[in-house]
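Undergrad: Okay, handing you the structure first.
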Amino acid sequence: MRYSQVVYRLSRDDGANLQVNETVWEAALAVAFAHGWKPAGTKRAGRSAWNAQDYFSRGSQRVLGEDAMKLASALLRGLLLRERALRASSGAGNGVGAEPVLGAGMTERQRHLLRDVASFVASGPFTIT
């Protein structure tokens, strides 16, 4: 994973916020998509010419509750499957091998950040800014 200075702010109606960099947000979407998430599309008030499939622009677009839950579920499924596969291939389950690296350069820290994203979006609709 590469690191980026672009920051996404995810905001829920209950006042909770989560800030993640572009790398983490794009990885979360990619892992979720690869594990069955079918984006329902974003909403944006006041814009009739809005691209509903835009989860990237930080344009105050809204992800609705059911889509948020499906995103979280697919992201967690993907993280779990990657962790299981890497443990099986590295022998981590029997005490052999180093700290697991979770696919394509994904470290334990990055996996933790993706779990934070999944936990946040699982709690309901949110806005991307």
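The values are calculated or read from the model by the stated rules, or taken from the named source; none is laboratory data. What you see is a predicted model, and the numbers here were worked out from it, not measured in a lab. Cβ: placed from backbone, ideal geometry, glycine included. Neighbour counts: every protein chain shown.
Undergrad: Could you grab me the full set of residues in the stretch 43-55 that are in a loop (DSSP other than H, G, I, E, B), surrounded by 12 or more Cβ atoms within 10 Å (Cβ to Cβ) and more than 15 Å from the chain's Cα centre (by Cα)?
TA: Scanning the stretch 43-55 gives ARG44, TRP50, ASN51, ALA52.
Undergrad: Quickly run through the stretch 1-25 and pick out the residues that are in a helix (DSSP H, G or I) and either at pLDDT 95 or above or crowded, with 19+ Cβ neighbours inside 10 Å (or both).
TA: VAL24, TRP25 - these are the residues of the stretch 1-25 that are in a helix (DSSP H, G or I) and either at pLDDT 95 or above or crowded, with 19+ Cβ neighbours inside 10 Å (or both).
Undergrad: With the structure loaded, tell me whether LEU75 is in contact with a Lys or Arg (Cβ under 7 Å, 6 or more places away or on another chain) and crowded, with 16+ Cβ neighbours inside 10 Å or whether it fails that test.
TA: Judged against the criteria, LEU75 is not a match.
Undergrad: Just checking, how many residues over the stretch 35-56 are touching a residue at least 60 places away in the same chain (Cβ under 8 Å) and polar (S, T, N, Q)?
TA: Within the stretch 35-56, residues that are touching a residue at least 60 places away in the same chain (Cβ under 8 Å) and polar (S, T, N, Q) number 1.
Undergrad: How many residues are at pLDDT 80 or above, assigned to a helix (DSSP H, G or I) and of a type in the set (S, T, N, Q) when one looks only at the stretch 72-129?
TA: 3
Undergrad: Only one of these conditions is not met by GLY65: (1) out of contact with any helix residue (DSSP H, G or I) (no Cβ under 7 Å at 6 or more places or on another chain); (2) surrounded by fewer than 18 Cβ atoms within 10 Å (Cβ to Cβ); (3) more than 15 Å from ALA118 (Cα to Cα); (4) of a type outside the set (D, E, K, R). Which number is it?
TA: All conditions are met except number (3).
Undergrad: Only one of these is among the hydroxyl-bearing types (Ser, Thr, Tyr) and more than 16 Å from PRO125 (Cα to Cα): SER60, SER73, SER90. Name it.
TA: Of SER60, SER73, SER90, the one residue that is among the hydroxyl-bearing types (Ser, Thr, Tyr) and more than 16 Å from PRO125 (Cα to Cα) is SER90.
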